[in-house]
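Have a look at the structure below before the remarks.
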Amino acid sequence: MPTAVVVGAGIGGLAVAGALAQRDWSVTLLERGDRLRGDHAALLIWPAGIHALHRLGLGPGLAEISSPITERGIRRPDGQWLVRQDDPAAAGEMPVVVHREDLHDALVAGLGGRIEIRTGIAVRTVRPAGSAAPAVSAGTTTWEADLVVGADGVDSLVRRRLAPEAAVISAGCTAWRAVIPWYRASDLVEKLDRLPTGGTGGETVGAGHRFRYALLGHRGSAGTSSRGGIYWTATVPGAARPESPVAQLALLRRWFAEWHAPIGDLIAATDPDELIQHPVTELWPVPRAFGFHAGPGGYALIGDAAHAMAHHFSAGAGMALQDAAVLADAMRGVTAGPALVKALDAYTQARRPEVVRIGRQSRRVGAVLASNRGGSRTRDAALGLAPGLVGRASSALRGLRRP
Ligand SMILES: Cc1cc2nc3c(=O)[nH]c(=O)nc-3n(C[C@H](O)[C@H](O)[C@H](O)COP(=O)(O)OP(=O)(O)OC[C@H]3O[C@@H](n4cnc5c(N)ncnc54)[C@H](O)[C@@H]3O)c2cc1C
């Protein structure tokens, strides 16, 4: 039986570990955290990510834990739409929103009983790619395998050893995320129902700042997650704030004070312990390969370890799921030797060109969305009147449909 070690139990690591085990690999999963868990915010998953979940055998339970996004587009701070995509014919192209802990639970359930899970293990050394089999170590213990998967996130140690040319750089902004649970959101939902701007979500951009919100499940409806509520993300230019969460919420209230309803209400209804701050970073350049030969086997990079990008498209987790599905399929029926080495090359060829293309679009869209230069009129014109840019962005997203 071929052997794999997966470093990191985020969305990508959990997905690939479960998928390799399903394909008769003996898998060890190493996670530095003391247990397997997701954070308490939510995620949008684009059709490509949904398709990957189906390929990974996790599609059937998705409807129970996710809510479709029925309205998509970009608004100005006064609520006026710049770009709107709510064409019912495109409904199959719409993303869903899912609580991250629910997605994590589904992925953990998908691991089955055959995987060796080691938590509290921080990998510290990686054997260089070359003539010897791949291996990683943590302190005195070394794990050698036919395949080592680096799923250890944007600051990946595995990637730093294999592709040192890829550097982690600041995307120039900081993001905050929160889910306001339903039991504290009832008044907000009534307000949303009355909004002329459309109450179900979307993104608003202005003066370098951005705000997105989405409804996660419905109050009291059967089958939806008990972790439902209203999910929001705010993005602001500049570095992470050192203040307490209470002070960060006060700053957010001030920054978004003049923005259309319900943005101020959502920030006001958020508890400090629901707030998660993210300094936004990305990987540049993208590693020259996502698969590296080592003796009769090799290493593969997936998810943010391979191609972290700023959250302009809200697509990183979905792309990690795609990587997992493509890598696991490439490894089906493969054992150590030339077939495995060839499968690693096939994985790079299948994923890297698309990832580079989406990364390029993301950086361009991010530059326009965040732009202060020339004032917001110039940016609004770029978004509203330059269908080329928005069209290319949305085809990048539609291009995510099939892994
Ligand atoms: C503000 C914001 C909003 C976003 N919104 C969305 C969205 O709506 N939709 C979407 O698809 N994506 C979104 N993303 C991107 C998404 O969160 C990431 O792309 C995704 O979580 C990457 O998953 P991953 O498994 O590759 O890495 P991670 O989730 O970072 O997991 C890496 C794991 O490896 C472990 N680890 C790290 N180093 C070691 C080590 N040395 N030894 C052992 N274990 C280690 C970590 O503890 C962690 O568990 C967003 C990102 C941000 C910042």
### Message
Taking the Cα of Arg241, stepping 7 Å toward and past its beta carbon, and measuring to each backbone N in the stretch 155-191: which are under 14 Å?
### Response
174-178
### Task
Bin width 10 Å, alpha-carbon pairs only: give the P(r) of the chain as whole percents, running from 0 to the bin holding the largest distance.
5, 23, 32, 25, 12, 4, 0
### Task
Quickly work out the Glu258-to-Arg160 label distance, labels modelled 7 Å from Cα along the C-beta direction, and quote it in nm with one decimal.
4.3 nm
### Message
Could you tell me the calculated FRET efficiency between His54 and Arg332, based on Cβ-Cβ distance and R0 = 25 angstrom, to the nearest 0.05?
### Response
0.95
#### Entry: Pairwise centroid distance, computed over Cα atoms, of the stretch 227-284 with the stretch 296-316, Å
26 Å
#### Entry: Separation in nanometres of the label points that stand 7 Å from Cα toward Cβ, at Glu116 and Arg37
2.6 nm
### Message
How much length would be gained if the chain were fully extended between Leu251 and Gln349, taking 0.36 nm per residue of separation minus their Cα-Cα distance, in nm to one decimal?
### Response
30.8 nm
### Task
List Leu251, Leu82, Leu215, Leu147 from most exposed to least, where exposure is judged by having the fewest other Cβ atoms within 10 Å.
Leu251, Leu82, Leu215, Leu147
### Message
Give me the Å³ per residue figure for the convex hull around the C-alpha atoms of the stretch 223-320.
### Response
179 Å³
### Summary
The long-range amide H neighbours of Ala171, using H built 1.01 Å from N in the peptide plane and a cut-off of under 5 Å, are Val280, Thr281, Glu282
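None of the figures in this text is laboratory data; all of them are computed from the coordinates on show. Note that the structure is predicted; figures quoted are calculated from it, not measured. As a convention, Cβ positions derive from the backbone with ideal geometry for all residues, glycine included, and neighbour counts pool all protein chains shown.
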